[in-house]
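Heads up: the structure comes next, in structure tokens.
The values are calculated or read from the model by the stated rules, or taken from the named source; none is laboratory data. Here the structure is a predicted model, which means the values were calculated and not measured. Positions of Cβ are backbone-derived with ideal geometry, glycine not excepted, and every protein chain shown enters the neighbour counts. To get the accessible areas, we keep the full protein, side chains included, count just its heavy atoms, and leave off ligands, DNA and RNA. Shrake-Rupley method; radii C 1.70, N 1.55, O 1.52, S 1.80 Å.
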Amino acid sequence: SKLAALFAHPLYSIPIPEVMQKDKLFVVNPMEKFSLRHSGSDEWVSSSKAETLLPTGKTAYDTYPAWLKFHVGINRYELYPRQDPLMPTILKDLATQRIVSSVQKSGGTQLKLIMTFPNYGQALFKPMKQARDQETPRDFFYFSDFERHNAEIAAFHLDRILDFRRIPPVSGRLVNITKEIRDITTDKKLAKTFFISPAGNVCFYGECSYYCSTEHALCGKPDQLEGSMAALLPDKTLAKRRSWRSPWRRSYHKSKKAEWELNPNYCAQVRETPPYDRGHRLLDLIDMTVLDFLMGNMDRHHYETFEKFGNDTFLLHLDNGRGFGTHSRDEMSILAPLQQCCSIKKSTYLRLQLLATQPYLLSDVLREALATDPLTPILAEPHLQALDRRLAKVLDMVARCLA
């Protein structure tokens, strides 16, 4: 396994700083049992009069569902550990746990559902919108592109291979529209949008600001629909997140350009603006840029951090559905932060160099990682080939910076 060899490489065992209590997202007593709060919310709270040891001799923590252990494990330095023993369980739960509730997620331009499992875990379901071998037409603006379920799955694995570990776990899943959405939804607006198509398939379109109409309906075969299931982060009432506008955000306008596209010295002013004027925030942003360039994702207008950790923490790489839309061309403008700032983390650079060598070729290790997903193949072969070509362009740009 090339993937196992990659994760065993010394560059994938660089230690993170010691995690103190203040560096944990949640401070939990592992001897306390958790119970549900009865306020209509699905959040777990510590129950004060819990027995510290269970009759089996295990601590209460041992009985937490995998999603809760994932939440409890988040700290200032990483969303989940490198050799995370929970990961196979979390991915399996996302793919197989019984769905007890499906409601539409509010906001956003395209339809997404929040699915709840019997163990109170929740996942964000993005349905399949286009076939894997379809490329985004050249005449499309980046902001009118579809979100792709397979891009969400591939982005999670790519982020892990790059050792960023800033995307929550994602698994593919085949969902039965009738039994797992229509029959169990309590969302009245969503329920009104189901219909049977002329081809006899079950379809629905939900309510949202763009692609929610009968022309853009999501149809099963006859009621089986592919989608991505992403583990939800802790509720914002428990762990506040801060949203930051990216300095290299695009104009989202058909003819206007953003300032960074017009000013080649744009990075100099970013470096003087908080939070980029100290710490590793700018370097973290450049990590995200490399991830986006490899995927061809032009739609990174904002990113988030956990508020508790202030400026000294990683960026969350959420919402990656507009990646992997084109394999035949590379959007060099995505790399503007790297090109203009000529800065990159040494550890990131060394790992990128490693992934360009034959024993650990990026396309090979990602192909291997994606082969374990229930919806495999996740990416059409030309997308995997494009990764190696794009990686060479990133390394070339760093070499020019060094020169």
Handout entry: Index of the failed condition, L174 passing every other in (1) under 24 Å from the mean Cα position of the chain (by Cα); (2) open to solvent by less than 60 Å² (accessible area, probe 1.4 Å); (3) at pLDDT 95 or above
Key = (2)
Problem - the range 240-275, subset open to solvent by less than 70 Å² (accessible area, probe 1.4 Å) and without any contact (Cβ under 8 Å) to a residue 12 or more places away in the chain, residue farthest from F26 (Cα to Cα) - result: N263
Practice task
State whether the residues of the range 251-273 include one that is modelled with pLDDT of 95 or more, among the polar types (S, T, N, Q) and either in a strand (DSSP E or B) or in contact with a strand residue (DSSP E or B) (Cβ under 7 Å, 6 or more places away or on another chain) (or both).
Solution key: no
Handout entry: Residue under evaluation L94, criteria (1) within 30 Å of L11 (Cα to Cα); (2) surrounded by fewer than 21 Cβ atoms within 10 Å (Cβ to Cβ), criterion not met
Key = (2)
Exercise for the section: Mind listing just one residue for me: the one in the range 92-132 that is among the small types (G, A, S) and assigned to a loop (DSSP other than H, G, I, E, B) and, of those, modelled with the highest pLDDT? Expected result: G121
Completion exercise
Looking across the range 276-287 at residues that are of a type in the set (D, E) and in contact (Cβ under 8 Å) with a residue 12 or more places away in the chain, the single one that is surrounded by the most Cβ atoms within 10 Å (Cβ to Cβ) is D287
Fill in the blank from the handout: Residue hits (the range 188-212; open to solvent by 80 Å² or more (accessible area, probe 1.4 Å), assigned to a loop (DSSP other than H, G, I, E, B) and of a type in the set (V, I, T)) are none
Fill in the blank from the handout: Taking the range 177-187 and keeping only residues that are hydroxyl-bearing (S, T, Y) and either touching a Pro at 6+ places or on another chain (Cβ under 8 Å) or open to solvent by 80 Å² or more (accessible area, probe 1.4 Å) (or both), one is left with T186
